[in-house]
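Throughout, read-outs are computed from the coordinates displayed, never taken from laboratory work. Quantities reported herein were computed from a predicted structural model and do not represent experimental measurements. Here the Cβ is made from the backbone with ideal geometry for all residues, glycine too, and neighbour counts use every protein chain on show.
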Amino acid sequence: MLKIGIVGLPNSGKSTLFNALLQRQIANVAEYPFTTIEPNVGVVAVPDNRLESISEATGIEKIVPAAIEFIDIAGLVKGAHQGEGLGNQFLGHIREVDAILHLIRGFHSSNVPGNLNPNEDIRTIEEELNHAGIEKPAMYVMNADETDLKNPEVPLTGALKISAKLENELSELSSEEQKAYLKELGIEQTGLERVIRLCYELLDLITFFTTVGGKQIQAWPVKKGTKSQVAAGLVHTDMQKGFIKAEVINWKKLVEEGSWKKAAEKGLIHFEGREYTVEDGDVIEFKFNA
Ligand SMILES: Nc1nc2c(ncn2[C@@H]2O[C@H](COP(=O)(O)OP(=O)(O)OP(=O)(O)O)[C@@H](O)[C@H]2O)c(=O)[nH]1
Ligand SMILES: [Mg+2]
């Protein structure tokens, strides 16, 4: 499973964002530094409308979305690699993740002490990661004031701007209410959707789907350029070892035909060998020797 570690200075809103992403109040949030001591770990489903479309069209009811694990760790401070703060003992948790979500404080609050210094904050965290020898793909997310979300005057080049507080409030609403609220604010996607999209771009990921005997449809993230036999190994090591072939159809075509059987009768399912490069939106049934 994909793992993303949330890092940033104390009080940058990491736990607030974590709760918002998970749509549940799991992590403790408070205005003092080092609120988080033990890391919080949670798994979220990756929203993908194609799964619902495939399910509706084919009648395959069971949907298994791709999943991402988020890890919310203690705030890092200058000198963390030498044991300052609590950061040091938790830097280890970052070693296991696929990507870092670097959260930068960009919100004003009379409750939270200190001024806003986004660029300096970024440097501090990067230095600590460097000192600790942690080199990971990183995405930058600025935790901005709600009123600044659409304000071009609050720049931070290359950073995604979100409001952890707003996202948290959103997570209490039904998905219809969320959409209406976002529309009002002129934002198209939830923070979760934007974070996930950024993560897929950063790690160069695409999605393929597997179906097993017409009973289940499951989404899998995979690095662009992955060959079918390696992709099979994500599902099960036996599938990779005993790989025979991949039966493949693009998800849209499958939806148009309404069933695997109909698509097969029309010759729309193509059989591919181990060297086939998996494409985004492929629906695959792997054949293998158990
Ligand atoms: N106004 C505002 N306040 C926020 C926002 N995000 C977090 N806060 C507040 O900032 C304080 C710190 O938030 P946390 O989520 O606990 O921050 P953290 O980065 O997890 O902190 P540590 O675990 O101590 O490193 C809390 O009082 C939050 O309510 C935001 O987007 N806007
Ligand atoms: Mg925290």
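Full-extension gain between residue 63 and residue 127, please, as 0.36 nm times their residue separation minus the C-alpha to C-alpha distance.
Taking residue 63 through residue 127 to full extension adds about 18.8 nm, to one decimal.
Take residue 96 and residue 35, extend 7 Å from each Cα along the Cα→Cβ direction, and tell me the distance between the two endpoints in nm.
2.4 nm
For residue 147, what is the net charge nearby, where nearby means another residue's Cβ is under 13 Å from its Cβ and Lys, Arg count +1, Asp, Glu -1?
Surrounding charge for residue 147 is -1.
Rounded to the nearest Å, what's the spacing between the alpha carbon centres of segment 181-224 and segment 153-173? Just the number, please.
Cα centroid of segment 181-224 versus Cα centroid of segment 153-173: 19 Å apart.
Just want the answer: with Cβ charges of +1 for Lys and Arg and -1 for Asp and Glu, which residue in 162, 114, 137 is farthest toward the dipole's positive end in segment 101-165?
Positive-end residue among those listed: 162.
Which order results if 272, 169, 184 are arranged by neighbouring Cβ count within 10 Å, fewest first?
So the ranking, lowest neighbour count to highest, is 184, 169, 272.
Of the options 80, 42, 97, report the single residue whose Cα projects farthest towards the positive end of the charge dipole of segment 1-121 (beta-carbon charges: Lys, Arg +1; Asp, Glu -1).
80
What chymotrypsin sites (Phe, Trp or Tyr not before Pro) in segment 62-160 are in a loop by DSSP, with at most 14 other Cβ atoms within 10 Å of the Cβ?
none
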